[in-house]
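Only one structure is covered here, and it is reproduced in the block below.
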Amino acid sequence: MTNTHEAGDGRVRLLLLLPVQTAVVAGVGLLLTGPLAHHWPLSAEDGVNDALADRRTPFVTALTDVASLLAGTESVIALTLVCTLVLLLVPRVPPWREAAFLAVAVAAQSAVFLLVTLVVDRERPDVPHVDPAPPTSGFPSGHVGASVALFGGLAVLASRRLHGFRRHLTVGLLLVIPLFVAYSRVYRGMHHTSDVVAGLLNGACTLALVAAALLPRSRKEAAPPAPEPSAHGARRAVVVRHPRACDEATATRVRTLLRDHGFAEQRWTETTVGDPSGALAEHLGERDTDTDEGPDTDAGRDTDLVVVCGGDGTVRACADVVAGTGVPLAIVPCGTGNLLARNLRLPTEPVPALREALRGQVVGLDVGRIRGDGIAPTRFAVMAGAGFDAAMVRDTSARLKESLGWAAYVVSALRHLADARMRLSIRLDGGAPLERRARMVVIGNVGTLQGGLPLLPEARPDSGSLEVVLLDPRGVTGWLAAAGYLASRAPGGRRHRASGTRERSRAHGALEYFGAARIDLRFARPQPREIDGDAFPEGTWLTADVEPAALRVCLPASAPADGPRGTGTRARADALTDTDTDTTPARTGAPTGASTHVASDIPAQAGTPAGSEAPAGAGREGGGRGHRDARTAAQ
């Protein structure tokens with residue numbers, strides 16, 4: 001098994017502590033009803049119940065009626081079922097672990113409560129009871145424990161999804177409910193003070209154990225990015241170097257920096273036209289490429305870090321291999337576009353980027369998995385598309401790229417401005433096909449282009465979904481409207497709040513946005529296609545799926561709040577896009593069968609898949625020129 005699965009199994013075993021918790025609560029109950037019953041503060045509890053009973057008022061009694069109703073057995077069961085179903089049915093990508101966490105927390109608390117009442121028999125206070133007394137023991141309070149499990153569980157989920165003032169307000173209101181229930185049970189004469197305190201602690205302990213066992217960890221790891229040293233006693237790094245993008249001086253500095261951070265064992269490999277990953281799979285562990293049974297579970301067992309020195313094409317090829325293995329990846333941006341590095345807020349200089357990453361944390365980021373006619377399944381980390389941008393990439397002159405760098409794409413773009421619109425259908429998460437006409441379709445895992453231009457303003461690499469944009473400007477006014485809209489979303493521009501809908505038309509119809517975990521595109525005629533800036537053969541279809549948190553990337557520990565966004569950490573989730581995300585909290589779930597933590601059951605691809613028609617120029621981005629990323633042509 002991979003480290004990820006081993007860690008997950010170890011966390012689930014925390015549920016075995018629930019019997020220990022049951023025994024502890026039962027032991028405390030026996031002490032309260034036995035040797036400690038007549039000692040202070042237990043001896044003063046009856047006075048508290050008497051005082052509250054004497055001071056009951058119709059208004060307060062009515063308020064406590066609500067608390068008793070909320071925490072009643074029928075209400076808790078009904079609310080738990082409703083919340084669980086909402087979590088599973090409403091989001092496009094159901095958060096299975098969050099739904100399981102809530103249901104298991106409520107069920108486990110109830111089980112502990114019932115087992116304790118079989119051992120501890122405590123009478124209820126000798127005051128008039130507002131509610132009918134249930135047949136169970138008064139210790140611990142079942143109403144209070146259930147309210148902590150349910151409303152406290154909802155507070156935990158809200159704290160993971162919301163941000164800013166809404167997060168504090170929602171969590172605060174949810175946590176007040178169990179405290180009010182505790183007061184109401186004492187006020188109504190149903191429990192002693194120690195009963196409700198035990199209920200609060202029982203519910204809180206159950207919640208903590210279930211959360212630790214079932215909820216995916218925060219994407220921000222507490223440990224440094226590099227795991228513990230390998231079995232050989234020294235940290236081992238595999239460094240993939242694009243020979244033209246990463247010169248000898250940069251390579252020397254990278255080698256020294258890695259050694260200073262404890263990576264005494266380094267294996268360097270260079271990319272080639274035929275293998276833009278530099279045979280990375282061979283260094284992580286061989287697997288059977290003729291089957292689709294997933295990666296070798298021992299892949300990367302002796303590797304603590306993979307370092308990629310190159311542009312987006314090299315990063316994509318290496319990410320295709322590393323995703324799902326659990327091995328962290330550090331990006332040394334040496335290409336021309338470096339769009340993934342820019343979206344993730346890495347420094348633009350190679351060595352400072354690596355230095356900050358090694359000092360930072362490991363973050364689980366999504367990747368897209370795409371296939372089509374003539375394209376074997378492969379992954380992408382930035383964007384993939386068809387139409388105008390793919391034709392621009394394909395037809396850019398190699399000589400102009402040598403002399404102008406990314407500006408050469410502008411020349412190619414001008415040649416394709418008058419290209420005919422394509423007819424296509426788009427299917428989102430298996431829904432009904434939507435018929436459209438467009439000049440370009442782009443599927444994005446991240447959304448910002450060169451210069452901070454947000455082509456996909458709501459795309460985030462930790463959202464558990466992919467964003468799609470259709471570009472269909474009509475005439476000069478259409479192009480101006482699209483350009484003006486994108487400029488308004490750039491840093492410093494006018495912000496628009498997200499609509500929260502699956503389909504969003506902008507710039508008078510020149511731009512149309514969608515979001516989904518699975519995207520199927522069908523073209524009426526063969527269209528040029530590109531993946532992370534590499535041109536692929538023309539074809540009539542593309543299918544992309546998101547693989548949530550499949551790629552572990554080393555990122556800086558912090559980033560300026562006013563800079564470009566895209567850090568990928570849940571703690572800084574609102575800094576992942578150039579949009580105001582207050583109205584669209586992060587989606588942390590995964591599609592059916594996928595996990596929101598770093599997945600180890602995701603097939604790893606060794607560079608360009610066997611049988612794929614890789615472009616002749618794949619992997620040729622250069623340090624200052626020749627980078628093949630289509631997006632830079634928009635600048």
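The values are calculated or read from the model by the stated rules, or taken from the named source; none is laboratory data. All figures in this text were calculated on a predicted structure; none of them were measured in a lab. Note that each Cβ is placed from the backbone with ideal geometry, even for glycine, and that neighbours are counted across all protein chains shown.
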Response to the item:
Residue hits (region 518-554; closer than 18 Å to Ser425 by Cβ and either of a type in the set (S, T, N, Q) or not in a strand (DSSP E or B) (or both)) are Gln527, Thr540, Thr543
Worksheet item: Is it the case that some residue within region 168-181 is touching a residue at least 40 places away in the same chain (Cβ under 8 Å) and small (Gly, Ala, Ser)?
Response: no
Discussion item. Going by what's in this entry, would Ala158 be described as under 22 Å from Ala211 (Cα atoms), surrounded by fewer than 21 Cβ atoms within 10 Å (Cβ to Cβ) and within 22 Å of the chain's Cα centre (by Cα)?
Written reply: yes
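Table: residues versus (1) farther than 17 Å from Gly29 by Cβ; (2) touching a helix residue (DSSP H, G or I) at 6+ places or on another chain (Cβ under 9 Å); (3) free of Cβ contacts under 8 Å to residues at least 12 places away in the same chain; (4) among the hydrophobic types (A, V, I, L, M, F, W, C).
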position: Leu69; (1), (2), (3), (4): yes, yes, yes, yes
position: Thr84; (1), (2), (3), (4): yes, yes, no, no
position: Gln109; (1), (2), (3), (4): no, yes, no, no
position: Leu114; (1), (2), (3), (4): no, yes, no, yes
position: Leu118; (1), (2), (3), (4): no, yes, yes, yes
position: Val130; (1), (2), (3), (4): yes, yes, no, yes
position: Leu150; (1), (2), (3), (4): yes, yes, no, yes
Item to complete: Answer yes or no: is there a residue in region 122-135 that is in contact with a strand residue (DSSP E or B) (Cβ under 9 Å, 6 or more places away or on another chain) and at pLDDT below 90.
Response: no
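Yes or no, residue by residue, for (1) buried (at least 16 other Cβ atoms within 10 Å of the Cβ); (2) within 20 Å of Gly145 (Cβ to Cβ):
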{"residue": "Pro41", "(1), (2)": "no, no"}
{"residue": "Leu70", "(1), (2)": "yes, yes"}
{"residue": "Ala103", "(1), (2)": "yes, yes"}
{"residue": "Val127", "(1), (2)": "yes, no"}
Item to complete: Could you run through region 468-485 and say how many residues are crowded, with 20+ Cβ neighbours inside 10 Å and charged (D, E, K, R)?
Response: 1
